[in-house]
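The values are calculated or read from the model by the stated rules, or taken from the named source; none is laboratory data. These numbers come from a predicted model, not from an experiment. A quick note on method: Cβ atoms are made from the backbone with ideal geometry, for glycine too, and the neighbour counts reach across all protein chains shown. The area values use the complete protein model at the heavy-atom level, side chains included, leaving out ligands, DNA and RNA. Shrake-Rupley method; radii C 1.70, N 1.55, O 1.52, S 1.80 Å.
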Amino acid sequence: MSTPDAPERFDAIVVGAGFAGLYMLHRLREEGLSVQLLEAGDGVGGTWHWNRYPGARVDVESMSYSYSFSPQLQQEWSWTENYAARDELKAYADHVAERFGLGSHIRLGTRIVGARYDEDAATWTVTTEAGDQLITTFLVTAVGALSTTNRPMIPGLAEFGGTVLHTSRWPAEDVDLTGKRVGVIGTGSTGIQLIPVVARKAARLTVFQRTANFSLPIRNEPMDPEFEREWKAHYDEHRAAARLTSGGSNTTIINMFSALDVSPQERERIYEQSWRAGGASVLRSFQDIMTSREANDTAADFVRRKIREIVHDPVVAERLCPKDHPIGSKRICMDNGYFETYNRDNVELVDLRAEPIVAGVAEGLRTERAVYPLDLLILATGFDAVTGPLREMGIVGRDGVALADKWADGPLAYLGLATAGFPNLLTLTGPGSPAVLANGFTSIEQHVGLAMDVINQARERGARQVEVTSRAEIEWMEHVAEAADRTLYPQAKSWYLGSNIPGRPRVFMLYAGGAGNFRRRCEDVVAAGFTGFEFG
Ligand code: NA7
């Protein structure tokens, strides 16, 4: 790499080698731009590189959760299960990087600690952790919504004599759980995937639960070759349909009427059928579960009844029943025998509402009621979502304004892609886009396409810089807030709102108006000559 005296220059620098970054790099190369991708990790795959904790698996169907841009790739790649496990997703990322010859443009182990806009030159100067500097016209972040870890502040944790691991920084080598006393803090999607696997291996598992969470059985199966064959025969139609749906996937609402339009018996029958079908079917049983609290309550009651049926100890079952938020208002979890795990003799559930954690001590964790002896403490405590990775990159735009300061009261961005005062900065699946509210791949391919349109437009116009207007981003974020308010999402304390991070303003950060609608809005913007963008 070059010295700070003679920084290398590129048309574009992409940050992050997850699925967004890899595809962005591919597109930029196809367009003939000089481009480097910088990745902090020691491998490609983003989320699926980092999240190698036991039980990690995607909760979107494999046939939809993949790239659609290459007909050959989608025909030749085979998924072994309906919901791919982490290792297979990581292998897919490696395959894509190799297949499209991306490796020589990727620098691994390169974390960006600063990016400053030079107004005179209309370029970004990017500084890496190692102190190297690179100059680029376009800075495209593909840093993911869930990549900056959230580590709880537990006093005295340094005193703990055992090991502490965050699920998203799981070591590459095997972690031997055999015979260990393991504690898990966190019962989000990650904890719920991890807990059944740990319970089968550890001598003792103590789960520290702050908020009971809804989870539905995923009912993962090996890929049926006949299903795969049929799907591949009509792949383009499936993809086209998915792009127009709200969730960017091929699963749609099962009954286009209200949960309240049927008798309780009929409702129960439909929910039961959905529960057996697995995945998120329960949430898709009726058209108003995510918009009407009354309808939502019927689904939530159904799942609470299931929890009470599955878990033998009624006290534990009650502790596991979520009561403080509508089902689906936090990201729905999907499990492989999560609630059943609490019937095991070696598993204990600690309710942190009744006995908050006081401190880490040499032998384990102390709550207000007891000391829980542990050999290993696993933090499944999630992420500083959506804006976290952008805030920590040290991005400084026009007039020396830091992005973190601009967003102190909540993110402001236009179409999730750009923010005023930060010319030539494009934030893939950034705040105000559907991102992980929809199938990640659908969001990514659409947003990469939009970013490419903007870059090509700038080049066609001979513009040195492109920037969005304050007005466009304010109006867009108002629309984002309105879209969220039409749903039940704001009724939960969740990472969607930043409410898992102390001190973060409570702002719904993603576009809940649907991936299909978002795509149409973006297409309209492009067709109208890039409304809201200024090319200078
Ligand atoms: P989540 O969904 O943010 O879950 C984190 C869990 O950790 C959740 O149960 C939190 O409880 C708990 N947590 C967080 N901080 C603390 C502290 N300080 N003390 C106790 N418990 C805490 O993260 P995941 O990794 O599970 O999933 C993230 C996304 O990845 C998921 O939505 C999918 O899209 C994939 P809380 O509910 O905040 O009370």
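Express as a percent, rounded to the nearest 5, the fraction of DSSP beta bridges in the chain (both residues included) that run antiparallel.
Within the chain, antiparallel bridges account for around 40 percent of the total.
With a ≥ b ≥ c the root eigenvalues of the C-alpha gyration tensor of region 73-117, is it rounded (a/c under 1.5), prolate (a/b larger than b/c) or oblate?
Because a/c hits 1.5 or more and a/b exceeds b/c, region 73-117 counts as prolate.
Multiply the residue separation of His479 and Leu108 by 0.36 nm, subtract the distance between their alpha-carbon atoms, and state the gained length in nm to one decimal.
Contour length minus Cα-Cα distance gives 129.8 nm.
I'd like the accessible area for Arg229, computed on protein heavy atoms only with a 1.4 Å probe and all protein chains in place. Round to 10 Å², please.
140
Take every DSSP beta bridge with both residues inside region 27-165 and express the antiparallel ones as a percent of the total, to the nearest 5.
Roughly 85 percent of the beta bridges in region 27-165 run antiparallel, per DSSP.
Determine Rg/Rh for the chain; Rg is computed over alpha-carbon atoms and Rh is the Kirkwood hydrodynamic estimate from the same atoms.
0.96
For the chain, what relative contact order do you get, as a whole percent, if you take Cα pairs closer than 8 Å and at least 6 residues apart?
In percent, rounded to a whole number, it is 19.
When the Karplus curve 6.51 cos²θ - 1.76 cosθ + 1.60 is applied with θ = phi - 60°, which whole-Hz ³J(HN,Hα) does each residue of region 72-79 get, with x for Gly and Pro?
Once rounded to whole Hz, the list reads 5, 4, 5, 7, 7, 7, 10, 8.
Quick check: convex hull of the Cα atoms in region 104-196, volume per residue, rounded to a whole Å³?
Enclosed volume per residue, from the Cα hull, is 190 Å³.
Over region 266-419, with a single point scatterer placed on each C-alpha, what log10 of the ratio I(q)/I(0) does the Debye formula yield at q = 0.20 1/Å?
-1.21
Express the carbon and sulfur contribution to the solvent-accessible surface of the chain as a percent, rounded to the nearest whole number, probe 1.4 angstrom.
48
Using helices alone, what [θ] at 222 nm do you get for the chain, with -39,500 (n - 2.57) per DSSP H run of 4 or more residues, divided over all residues and rounded to the nearest 500?
That comes out to -9500 deg cm²/dmol.
Would you kindly find the accessible area of Ile310, with a 1.4 Å probe and non-protein molecules such as ligands, DNA and RNA excluded, rounding to the nearest 10 Å²?
40
With a sphere of radius 14 Å drawn around the Cβ of Ala93, what net charge do the other residues whose Cβ falls strictly inside it have (Lys, Arg +1; Asp, Glu -1)?
-2
So if I place +1 on the C-beta of Lys and Arg and -1 on the C-beta of Asp and Glu, and nothing else carries charge, what would the dipole magnitude of region 1-110 be about its Cα centre? I want it in debye, nearest 20.
100
Gap in Å between the Cα centre of region 248-312 and the Cα centre of region 1-63?
38
Which angle from 0 to 90°, rounded to the nearest 10, does the C-alpha axis of helix 189-201 make with the longest principal axis of the chain?
So the inclination is approximately 50 degrees.
Run the quick spin-label model on Glu318 and Ala91: label points 7 Å from Cα toward the beta carbon, then report their separation in nm to one decimal.
4.7
Rounded to whole Hz and in sequence order, give me ³J(HN,Hα) for region 224-239 from the Karplus expression 6.51 cos²θ - 1.76 cosθ + 1.60, θ = phi - 60°, writing x for Gly and Pro.
7, x, 5, 4, 4, 4, 4, 4, 5, 5, 10, 4, 5, 5, 4, 5
Based on the alpha-carbon gyration tensor of region 168-277 and its eigenvalue square roots a ≥ b ≥ c, which shape applies: rounded if a/c is under 1.5, prolate if not and a/b is larger than b/c, or oblate?
It is oblate, given that a/c is not under 1.5 and a/b is not larger than b/c.
Mind checking which lysines have their Cα closer than 27 Å to the Cα of Lys306? Skip sequence neighbours fewer than 8 apart in that chain.
Lys201, Lys323, Lys330, Lys493
Taking 7 Å along the Cα-to-C-beta vector as the label spot, tell me the Arg486-Ser470 distance in nanometres, rounded to one decimal.
So the two model labels end up 2.9 nm from each other.
Which is farthest toward the positive dipole end of region 411-536 among Leu425, Phe518, Leu437, measuring Cα position about the Cα centre, with Cβ charges +1 (Lys, Arg) and -1 (Asp, Glu)?
Value computed over the given set: Leu437.
If you stretched the chain out fully between Asn456 and Glu159, how much longer would it get, using 0.36 nm times the residue separation minus the C-alpha to C-alpha distance?
Length gained, Asn456 through Glu159: 101.5 nm.
Placing +1 on the Cβ of each Lys and Arg and -1 on the Cβ of each Asp and Glu in the chain, which of Ala122, Gly32, Phe383 has its Cα farthest towards the positive end of the resulting dipole?
In the chain, that residue is Phe383.
For region 43-125, would you read off the P(r) tail past 23 Å as a percentage of all alpha carbon pairs?
In whole percent, the share of Cα-Cα pairs in region 43-125 beyond 23 Å is 38.
Restricting to Cα pairs below 8 Å that are 6+ residues apart, what does the relative contact order work out to for region 1-128? Please round to a whole percent.
26
Could you provide, to the nearest whole Å², the per residue accessible area of the chain with probe 1.4 Å?
40
Rounded to the nearest Å, what's the spacing between the alpha carbon centres of region 358-421 and region 440-499? Just the number, please.
Cα centroid to Cα centroid, the span is 21 Å.
For the pair Asn343 and Ser70, what calculated FRET efficiency results from E = 1/(1 + (r/R0)^6), where r is the Cβ-Cβ distance and R0 = 41 Å, to the nearest 0.05?
So the FRET efficiency works out to roughly 0.35.
At a 1.4 Å probe radius, which order do Phe208, Phe10 fall into by accessible area, largest first?
From most accessible down to least: Phe10, Phe208.
How large is ³J(HN,Hα), in whole Hz, for each residue of region 260-271 in order, when computed from phi with the Karplus curve 6.51 cos²θ - 1.76 cosθ + 1.60 and θ = phi - 60°, using x for Gly and Pro?
8, 7, 10, 5, x, 5, 5, 4, 4, 4, 5, 5
Considering only protein heavy atoms, what is the solvent-accessible area of Glu221 at a probe of 1.4 Å, reported in Å² to the nearest 10?
Result for Glu221: roughly 100 Å² accessible.
Arrange the peptides 121-127, 341-347, 359-365, 19-25 so that the one whose residues have, on average, the most other Cβ atoms within 10 Å appears first.
Per-residue Cβ counts within 10 Å, averaged per peptide and sorted highest first, yield 19-25, 121-127, 359-365, 341-347.
Length gain on complete extension for the stretch Asp236 to Glu534, per 0.36 nm per residue less the alpha carbon to alpha carbon distance?
Length gained, Asp236 through Glu534: 103.8 nm.
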